Amino acid sequence: MSVQKAVKRITAPDITARKGAEPIVSLTAYHAHTAAIADDLVDFLLVGDSLGMVMHGFESTLPVPLDLMIMHGRAVMRGAKRALVVVDMPFGSYEESPAQAFRNAARVIKETECGAVKLEGGTRMAETIHYLSQRGIPVMAHIGLTPQSFNVMGGFKTQGRTRDQWQVLEDDAQAVVDAGAFSLVLEAIAAPLADRITKAVPIPTIGIGASAQCDGQILVMEDMLGLSPRVPKFVKEFGNVGAAIEGAIKSYAEEVRARRFPAVEHTYDVKD
Ligand code: KIV
């Protein structure tokens with residue numbers, strides 16, 4: 001009889017409890033195999049709607065449908081057994097009303113079995129965050145550069161560069177805390193402001209192009225692997241996977257063209 005050790009999955013309250021402690025490590029993940037590789041190395045995986053651009057070649061996150069998020073969420077849940085999995089609510093699936101947000105977020109939770117959802121917006125989404133978190137759905141909030149609003153923001157720009165912009169973002173942070181968000185993504189927020197918000201709020205801040213003083217960091221996995229064609233300026237590439245793939249395909253093509261391809265047996269084993 002084989003004895004399998006049950007792996008305890010990290011929960012949203014576990015992430016909240018990390019406020020001010022060891023930095024929280026997180027990445028985006030969109031499919032099962034990369035999720036399995038990252039599972040032991042990160043605290044949470046975000047099935048970000050950035051998958052629209054990274055995986056599906058859209059120009060922005062706006063066209064991403066809810067069903068696509070659910071499909072990728074299920075794949076990531078199959079790969080990751082230990083990390084908390086958070087699934088993004090895509091544009092148009094939650095902004096209309098708290099009831100619409102609950103209906104769609106409940107689908108995400110039921111159909112993927114992930115542990116939390118993320119949505120964009122501060123003060124304007126506070127009522128919805130409250131509604132969801134009071135009804136059993138942990139919400140990660142996301143303020144600063146919110147890519148789903150790029151048409152209103154006039155592009156993908158760093159927020160809070162001048163002091164007169166700070167109050168609005170500080171109010172956004174306080175509003176999502178009061179509404180019950182379990183953590184807060186700060187995207188492309190000037191470092192001194194990200195530091196102030198991190199000090200002011202009792203929930204962990206997760207920075208992306210914000211500040212090293214945030215309680216955790218997140219990057220798009222393909223960006224840090226060197227696999228994305230366009231990478232934001234602040235991203236450090238920790239790998240060169242794009243070049244590795246190109247090199248491997250070139251070698252393969254050369255072997256095929258030179259007919260150096262190994263003869264295939266009638267049966268073959270799959271490597272472990
Ligand atoms: O969609 C996404 O990948 C995100 C992260 C960049 C925070 O929202």
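Taking only Cα atoms and a 10 Å spring cutoff, compute GNM fluctuations for the chain and point out the largest among 200, 243, 181.
Greatest mean-square fluctuation among the candidates belongs to 243.
Please identify the chymotrypsin sites (Phe, Trp or Tyr not before Pro) of the range 91-161 that satisfy two criteria: DSSP loop assignment and at most 11 other Cβ atoms within 10 Å. Which are they?
The qualifying sites: there are none.
Evaluate Rg over Rh across the range 135-272, taking Cα atoms for both radii and Kirkwood's formula for Rh.
1.23
Tell me the angle of helix 166-179 to the major Cα principal axis of the chain, expressed in degrees between 0 and 90 and rounded to the nearest ten.
Helix 166-179 sits at roughly 80 degrees to that axis.
Which whole-number percent of Cα pairs in the range 7-150 have a distance greater than 17 Å?
58 percent
Pop out the carbon and sulfur fraction of the accessible area of the range 12-239 as a percent, whole number, probe 1.4 Å.
56 percent
For residue 213, what charge total do you get from the other residues with a beta carbon under 10 Å from its beta carbon, if Lys and Arg give +1 and Asp and Glu give -1?
Local net charge: 0.
Convert each backbone phi in the range 83-89 into a coupling constant with the Karplus relation 6.51 cos²θ - 1.76 cosθ + 1.60 (shift: θ = phi - 60°), then list the ³J(HN,Hα) values in order as whole Hz, x for Gly and Pro.
Karplus-based 3J(HN,Hα) across the range 83-89 equals 5, 5, 10, 10, 10, 5, 7 Hz.
Using the heavy atoms of the protein chains and a 1.4 angstrom probe, tell me the accessible area per residue for the chain in square angstrom.
55 Å²
May I ask for the angle, rounded to the nearest 10°, between helix 191-200 and the longest principal axis of the chain, with both axes built from Cα atoms and the value confined to 0 to 90°?
70 degrees
Run the numbers on the chain and let me know its relative contact order in percent, using alpha-carbon pairs under 8 Å that are six or more apart.
That works out to 16 percent.
Expressed in nm to one decimal, what extension gain is obtained for the pair residue 253 and residue 213 from 0.36 nm per residue of sequence separation less their Cα-Cα distance?
9.7 nm
Per the Kirkwood treatment, what hydrodynamic radius in Å, one decimal, follows for the range 18-64 from the mean inverse distance over all distinct Cα pairs?
Kirkwood radius, the range 18-64: 12.0 Å.
Just to check I understand the Karplus step: with θ = phi - 60° and J = 6.51 cos²θ - 1.76 cosθ + 1.60, what whole-Hz values come out for the range 93-109, glycine and proline as x?
3J(HN,Hα) across the range 93-109, in whole Hz: 9, 8, 6, 5, 6, x, 5, 4, 4, 5, 4, 6, 5, 5, 4, 4, 5.
Scattering from the C-alpha atoms of the chain alone, worked out with Debye: what is log10 I(q)/I(0) at q = 0.10, 0.15 1/Å?
-0.53, -1.10
The values are calculated or read from the model by the stated rules, or taken from the named source; none is laboratory data. Note that the structure is a prediction, hence the values are computed from the model and not measured. In this analysis, Cβ positions are derived from the backbone assuming ideal geometry, glycine residues included, and neighbour counts consider all displayed protein chains. The area values use the complete protein model at the heavy-atom level, side chains included, leaving out ligands, DNA and RNA. Shrake-Rupley method; radii C 1.70, N 1.55, O 1.52, S 1.80 Å.
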